[in-house]
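Inspection log for the structure reproduced underneath, given as structure tokens.
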Amino acid sequence: MISTQSLTALLLAYVIGSIPSAVWVGKIFYGIDVREYGSGNAGTTNTFRILGKKAGIPVMIIDVFKGWLACYLAHWFSTYNPDSTQFVNFQLSLGIIAIVGHIFPVLAGFRGGKGIATLFGMVLAIHFQAALCCCLIFLVILTISHYVSLSSMLASFAYPMLIIFAFQVPNKSVVLFGVCVAVLVLVTHQKNIERLLKGKENKSYLFKRKITSDNI
């Protein structure tokens, strides 16, 4: 039976995940709801696309921090040894609940984002080295392809491979989590995959703005 302490931590994790940074930044500083533009998601990518870097960077940092902070709640609400399997499992539960909160935020009418940035924050908390490797893969693919969705999917697919083969993590829950990460990202990016196959996916440029006839 779940304890009151654990239930409180899970509830807090959901509330943390529900903080709609993209919606609040858009409404407070720009007077718009980013969910009404672009992809319709209240996430980092759509914020960058609609509002630019000045809004996108803070939103990204907050969303990543949400995933990390949710997992860190385990240090405050758990009596398990931080090196134990039970502790890691509790962290996984908290992180997953935070992602659910980001996708279905109670603080924004249950219309959130895809949770990739929050998921990355969770991955940082669970396995820092693997997270950094995935971040590097993401940046390399994004620099080459300019597709955020493709970069996210390939980095997510790489995560369980790194966990299993590169770092050889013995905790089966972490391995299962890695596989679930890849599946979750695949499921949440179905529309992106369709647009990629049709050549209609939007591109993002890290270091320069692409010049098109629409910008002239």
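The values are calculated or read from the model by the stated rules, or taken from the named source; none is laboratory data. From a predicted model like this one, the values you see are computed outputs, not experimental measurements. In this analysis, Cβ positions are derived from the backbone assuming ideal geometry, glycine residues included, and neighbour counts consider all displayed protein chains.
Figures for the structure shown
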quantity: Some residue of the stretch 136-147 being within 18 Å of residue 68 (Cα to Cα) and outside the structural domain of residue 96 (by TED's automatic domain parsing); calculated: no
quantity: Residue in the stretch 10-29 that is within 16 Å of residue 125 (Cβ to Cβ), at pLDDT 95 or above and of a type in the set (Lys, Arg) present; calculated: no
quantity: Residues within the stretch 7-36 that are more than 15 Å from residue 103 (Cα to Cα) and of a type in the set (Lys, Arg), tallied; calculated: 1
quantity: Top-ranked residue in the stretch 130-162 [being hydroxyl-bearing (Ser, Thr, Tyr) and within 16 Å of residue 195 (Cβ to Cβ); ranked as nearest to the chain's Cα centre (by Cα)]; calculated: 152
quantity: The stretch 164-192: number of residues that are in contact with a Pro (Cβ under 6 Å, 6 or more places away or on another chain) and of a type in the set (D, E, K, R); calculated: 0
quantity: Boolean, residue 59 is surrounded by 20 or more Cβ atoms within 10 Å (Cβ to Cβ), assigned by TED's automatic domain parsing to the domain that holds residue 30, under 23 Å from residue 162 (Cβ atoms) and of a type in the set (Val, Ile, Thr); calculated: no
quantity: Condition met for residue 93 (of a type in the set (Gly, Ala, Ser), outside the structural domain of residue 170 (by TED's automatic domain parsing) and either surrounded by fewer than 16 Cβ atoms within 10 Å (Cβ to Cβ) or out of contact with any Leu (no Cβ under 9 Å at 6 or more places or on another chain) (or both)); calculated: no
quantity: Residue pairs meeting the criteria (Cβ under 7 Å; at least 6 apart or on separate chains; first exposed (fewer than 14 other Cβ atoms within 10 Å of the Cβ), in the stretch 1-27; second assigned to a helix (DSSP H, G or I) and at pLDDT below 95); calculated: 5/77; 8/77
quantity: Condition check for residue 192: buried (at least 21 other Cβ atoms within 10 Å of the Cβ), over 14 Å from the mean Cα position of the chain (by Cα) and of a type outside the set (Val, Ile, Thr); calculated: yes
quantity: Subset of the stretch 28-52 [without any contact (Cβ under 8 Å) to a residue 60 or more places away in the chain, in a helix (DSSP H, G or I) and under 15 Å from residue 112 (Cβ atoms)]; calculated: 34, 36, 47
quantity: Close pairs from the stretch 131-151: first more than 25 Å from residue 175 (Cβ to Cβ), partner assigned to a helix (DSSP H, G or I) and among the small types (Gly, Ala, Ser), Cβ under 6 Å, at least 6 apart; calculated: 142/151
quantity: Subset of the stretch 99-141 that is part of a helix (DSSP H, G or I) and of a type in the set (Phe, Trp, Tyr) - its residue that is surrounded by the most Cβ atoms within 10 Å (Cβ to Cβ); calculated: 120
